[in-house]
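S.K.: The structure under discussion is supplied below as structure tokens; questions concerning it will follow.
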Amino acid sequence: MKQLRTTKTRLAVCLLVSAGVTGAHAQEERLDRLESQLERLQQDMRDSRDTDFRINGFMSTGYARASNNAGYAGITEDSDVRSQTLFAVQGTFDLSDQTKATFQLLSRGKPKAEGGDNWETQLEWGYVSHKMNNGLRLRAGKMRTPLFMYSDSLDLGYAQPFTRAPNAVYDQVSLSSFTGADVTYNFDVLGQPIRTQVFTGHSENQDLVGGAELRNIAGAVVSWTDYTWTVRGVAARAETSIDNLLEGTAAPQLEIEDEDGKFYGLGLEYEQGNILAVSEITRRDTDGVFPERDGAYATLGYRFDDVMPYVTYAWVETQDDDKRPQGPLAAFNEKREDYSLGVRWDAMPGIALKADWTHSRAFGDTSGGLSGNATSFATGQGNRFDHTNVYTLKLDAAF
Amino acid sequence: MKTLRMIALAGLFAAPLSMADVVVIAHPDGPDNLSENDVRDLYLNRSNAATPFEIAEGSEVRAEFHEWITGRSNSQLQSFWAEQTFTGEGQPPAEVGDSARMVDEVAATPNSVGYADPADVDDSVEVILTP
């Protein structure tokens, strides 16, 4: 702004001066000078745009309520606004043309059930990245674990077509970020753009129920796109520890320590004209009693200008239920189908309004992975709920 | 797509002034020899080979350019750039007010590309692609 004001003042002075000039030759000379001055000013204005620090932000807020207390995505009969609300600020410092430091502070509302004025602010991203001349990009610090297609925009609802990323897949691994390093490389194979990313690090969150830690994470992502189709594959492994698998139940503490955990995911996206189709299938496979879990979803959307209705089918099923035949651990056995019907409306630049109805059913002999059932399952009382309906209204903004 | 073009074409004949036309322009010293895919890569953050400029949202020239080159609507582009920005991949191209200013900006910025209504294009820039 300061730059602009100076520019204007200088311009005004130039014009005043030029008005007072007489004599054709002198005028021509002045004109030349003015022209070069103007060019310099334009250059100044362009330079002022290339600042060394940028700040961006995004937020979401919404309203969610379920038809019962099954607890899909933590949502119950008690309508909740706070848990749907978050605000983030991201800053990027340009250290050089190729080196940047980026941070993102995110403040998230905790579910109503936890009581009080519960807001938690944390450093969601904090890394230094460096682009090398050969096309390699190196990053180090705290970053998003790139397990899913929408991992990078996990909290950025505005960049997602749906109201809520399908839980069947996005719940597979609840530790969403890691501290470590990654390398990204883009190259062409037979004229086709391929993007590869390898990452390694450590992740821990004691606030999660039970407390979880992933040590020696190592993973790789390969993706290809022709702007219509995108195909993405990911494989990762880590030594997985959970302090108490049965936290919150009457059962004695059960710890898993450094079990070998693997994760595989395959994603497919089609975006052409008015049609959007996205699908992901993922498998989480941990040694020991912690469940081996498969999840998948397919979303189909159709854009009518700024309004996009969508449908999603999602499925999740644990594959090793025989390891947990009964007792409190049986609550980890999970089978569920989710049907969602929703709409995204791009109300104005930077703001999207969304509405979603999700119906969950088909739990079979399992808890369906829902908290409201897990408690009664753990005490041998079986399922309290055989389905749930979740209604969500959401506002996503980016600025 | 073909039907759409036919309708667009019919519209052009019916009301020649209401439809903006668009060409891709570049600084006179280059880049040149860009294909439609190269331009698309510049505007979708896949290439840093040149500096792209964008006309502010709401312009018909902008809408036509994107229909032709990136196939993305305004709201799709908004989502795309939000994602790119927050993942540290890059920032959207700098915006200029209108087609005439686009020509000035590209003419004044070495190694830049833009797009404009052919009526606004003069020899300060080079036309490198036409639909």
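Coordinate-derived values only; no laboratory data. The structure displayed is predicted, hence computed values, not measured ones. So basically every Cβ, Gly included, is an ideal-geometry build from the backbone, and we count neighbours across all protein chains shown.
S.K.: On the Cα set of the range A:261-399, report Rg and Dmax in Å, please.
M.R.: Over the range A:261-399's Cα set, Rg and Dmax evaluate to 18.0, 53 Å.
S.K.: From other protein chains only, count the Cβ atoms within 10 Å of every residue's Cβ in A:280-290, then give the mean.
M.R.: Numbers: counts 0, 0, 0, 0, 0, 0, 0, 0, 0, 0, 0.
Shielding by partners across A:280-290 averages 0.
S.K.: Right, another one. If one computes the Cα centroid of the range B:70-131 and of the range A:308-366, what distance in Å separates the two points?
M.R.: That distance is 41 Å.
S.K.: Okay, next question. Tell me the Kirkwood radius of chain A: reciprocal of the mean inverse pair distance over distinct alpha-carbon atoms, in Å.
M.R.: Across chain A, the inverse of the average 1/r is 24.1 Å.
S.K.: Now a separate question. Over the range A:334-391, what relative contact order in percent results from Cα pairs under 8 Å that are six or more residues apart?
M.R.: Details: 96 pairs, mean separation 20.5, N = 58.
Averaging sequence separation for qualifying contacts and normalising by length gives 35 percent for the range A:334-391.
S.K.: Residues of the range A:258-275 with the amide nitrogen closer than 20 Å to a label point 7 Å from the Cα of A:VAL189, along Cα-to-Cβ, please.
M.R.: Output list for this probe position: A:264-270.
S.K.: Further question: Calculate, in nm to one decimal, what A:PHE53 and A:ALA277 gain on full extension: separation in residues at 0.36 nm each, minus their alpha carbon distance.
M.R.: On the way: separation 224, 0.36 × 224 = 80.64 nm, distance 3.64 nm.
The A:PHE53-A:ALA277 span can extend by a further 77.0 nm.
S.K.: Does the range A:131-202 come out rounded, prolate or oblate, given a ≥ b ≥ c as the square roots of the eigenvalues of its C-alpha gyration tensor, rounded meaning a/c under 1.5 and, failing that, prolate meaning a/b above b/c? Let's see the in-between values first.
M.R.: Details: a/c = 2.35, a/b = 1.45, b/c = 1.62.
Oblate, since a/c reaches 1.5 and b/c is not below a/b.
S.K.: Report the Cα-based extents of the range A:192-259 along its three principal axes, largest first, to the nearest Å.
M.R.: 55, 23, 18
S.K.: Compute and list, largest first, the equivalent-ellipsoid semi-axes of the range B:20-129 from the alpha carbon gyration tensor, each √(5λ) rounded to a whole angstrom.
M.R.: Each semi-axis is √(5λ); the values are 21, 15, 12 Å.
S.K.: Expressed in nm to one decimal, what extension gain is obtained for the pair A:SER176 and A:ASP365 from 0.36 nm per residue of sequence separation less their Cα-Cα distance?
M.R.: Additional length available on full extension: 65.1 nm.
S.K.: If you stretched the chain out fully between A:GLU28 and A:GLU247, how much longer would it get, using 0.36 nm times the residue separation minus the C-alpha to C-alpha distance?
M.R.: Taking A:GLU28 through A:GLU247 to full extension adds about 70.4 nm, to one decimal.
S.K.: Grab the beta carbon distance between B:ASP123 and A:ASP97, set R0 = 30 Å, and tell me the FRET efficiency rounded to 0.05.
M.R.: On the way: r = 32 Å, r/R0 = 1.06.
Calculated value: 0.40.
S.K.: Further question on the same structure: Could you work out the relative contact order of chain A, using alpha carbon pairs under 8 angstrom and six or more residues apart, expressed as a whole percent?
M.R.: Relative contact order comes out at 13 percent.
S.K.: If you don't mind, there's one more thing I want to ask. So if R0 is 60 Å, what FRET efficiency would A:ASN118 and A:THR196 give, r being the distance between their Cβ atoms, rounded to the nearest 0.05?
M.R.: Once rounded, the FRET efficiency stands at 0.90.
S.K.: May I ask you to list the residues of the range A:88-103 whose amide nitrogen lies under 16 Å from a point 7 Å from Cα along the Cα→beta-carbon direction of B:ASN111?
M.R.: Answer for the range A:88-103: A:97-99.
S.K.: In the range A:248-290, whose amide N lies under 20 Å from the spot 7 Å out along Cα-to-Cβ of A:THR228? List them in ranges.
M.R.: Only A:267-279 pass the distance filter.
S.K.: Turning to a different aspect of this structure: Take the Cβ-Cβ distance between B:THR130 and A:TYR270 as r, set R0 to 22 Å, and report the resulting FRET efficiency rounded to the nearest 0.05.
M.R.: Given R0 = 22 Å and the Cβ-Cβ separation, E is 0.15.
S.K.: Could I ask something else about it? Longer than 32 Å from Cα to Cα, which of A:LYS110/A:LYS142; A:LYS323/A:LYS354; A:LYS142/A:LYS262 are they? Say none if no pair is.
M.R.: Distance filter (> 32 Å) returns A:LYS323/A:LYS354.
S.K.: Take peptide B:88-97, look around each residue's Cβ out to 10 angstrom, count Cβ atoms belonging to other protein chains, and average those counts.
M.R.: 2
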